[in-house]
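S.K.: Next up is a structure, given as C-alpha cells.
The values are calculated or read from the model by the stated rules, or taken from the named source; none is laboratory data. Note that the structure is a prediction, hence the values are computed from the model and not measured. Glycine also receives a Cβ, built like all others from the backbone with ideal geometry; neighbour counts cover every protein chain displayed. With ligands, DNA and RNA removed, areas are computed over all heavy atoms of the protein, side chains included. Shrake-Rupley method; radii C 1.70, N 1.55, O 1.52, S 1.80 Å.
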Amino acid sequence: NDVNETAKEALMALSADGSNAYAIWLGVKSPKGQKVYGAKSTDGGKTWAKNVLVYANPEGTVCECCKPSVAVKGNSVYVMFRNFMDGNRDLYLIKSADGGKSFGQAKKLGNGSWKLNGCPMDGGGLVIDKSGNPETVWRREGKIYAASPGTAEKEIGEGRGCSMETVNNKNIYAWSENGSVTIMKPGGVKLNLGKGSLPLVKALDSEHVVCVWENEKQILSAVVQL
C-alpha cells in the first residue's frame, strides 16, 4: 500500500495469472470507514503500481472485518467483498476489464440479505472458471451459499469459513461445520476431512485438489480425488 498504516486490519487477498499479480485489501485513508483498495504487479511481485480505489461505500464503509477475495485471469480482475448497505451485510462483486486499472459497478450477489448489527468476520471464496466466468461461495447467517453473478444463490450446506476451487468448470467447495472441515466434490458428494476451521482448497491437477486448514494451532492438509 502507498500510505503506511492504512491497512491495520491486515484483511487482504492476492491472485496471480503468470507474472501478473493483483493484491487487494481493506484500507482507511480518510478519517473513518473501510474502503477496498488494490494494486497490480507485472513482474511477479517485485514492484507494484500505484494503489487503485476498487470500491468506496456511499454510506461510509464496507463490512469492516471480512476478508475480501480477488481472482485474476488475463485482463479480467474480479473482487468480492462483504458490503454494509441499509444495515445488511451482503457479498458484492465488482469487475475490472483493464487489468485492475479501473473498476465497474459493484453488484450484490444472491437474492436474500443478512440484516446484522455487527461483522460476521467471514469473507467467502471466489474463482474464475475455464470459460472466464466468476463463481462465488459465501455465508449468510449459518448457511453456505454458492452463486453465479445475476442468478439466485444455491444453499449447499451449513457452517462458516468457506472457500472454493474450479476444475474443468466443475466447482469444489470447502467450509467448517460443527468444528470439522467439509469438502463438497462435483456432484454434491461431501467428505469430512477432520477437525478444524478456515479451509482453503486449490487444484493440483485435473483430478485432484488439496485442502489445507487450521486445527489447534497446526496446519493440516489432505489431497482429495475428484
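S.K.: Considering each residue of region 186-205, count those that are open to solvent by 70 Å² or more (accessible area, probe 1.4 Å) and either assigned to a strand (DSSP E or B) or over 24 Å from LYS154 (Cβ atoms) (or both), and give that number.
M.R.: Number satisfying all stated conditions: 8.
S.K.: Determine the pairs where a residue that is touching a residue at least 40 places away in the same chain (Cβ under 8 Å), located within region 202-223, has a partner that is open to solvent by less than 50 Å² (accessible area, probe 1.4 Å) with Cβ atoms under 7 Å apart, the partner being 6 or more residues away or on another chain.
M.R.: Pairs found: VAL209/GLU165; VAL209/VAL167; VAL209/ILE172; VAL209/VAL201; VAL209/ALA203; VAL209/VAL224.
S.K.: Would you mention how many residues in region 158-185 are modelled with pLDDT of 95 or more, within 18 Å of VAL210 (Cβ to Cβ) and in a loop (DSSP other than H, G, I, E, B)?
M.R.: Number of matching residues: 1.
S.K.: If you don't mind, there's one more thing I want to ask. Exactly one condition in (1) open to solvent by less than 10 Å² (accessible area, probe 1.4 Å); (2) of a type in the set (Gly, Ala, Ser); (3) in contact (Cβ under 8 Å) with a residue 40 or more places away in the chain is false for SER41; which is it?
M.R.: Here SER41 clears every test but (3).
S.K.: Restricting attention to region 1-40, which residues are among the charged types (D, E, K, R) and not in a strand (DSSP E or B)?
M.R.: ASP2, GLU5, LYS8, GLU9, LYS29, LYS32
Residues checked against (1) touching a strand residue (DSSP E or B) at 6+ places or on another chain (Cβ under 9 Å); (2) of a type outside the set (Lys, Arg):
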| position | (1), (2) |
| --- | --- |
| MET164 | yes, yes |
| VAL167 | yes, yes |
| LYS170 | no, no |
| TRP175 | yes, yes |
| ILE183 | yes, yes |
| GLY187 | yes, yes |
| LYS195 | yes, no |
| SER206 | yes, yes |
| GLU216 | yes, yes |
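S.K.: Restricting to region 139-157, name every residue that is at pLDDT below 95 and within 21 Å of LEU226 (Cβ to Cβ).
M.R.: Passing the criteria: only SER148.
S.K.: Please report, ordered by residue number, the strands (runs of 3 or more DSSP E) entirely within region 47-134 with at least 3 residues that are within 13 Å of the chain's Cα centre (by Cα).
M.R.: 69-73, 76-82, 91-96, 125-128
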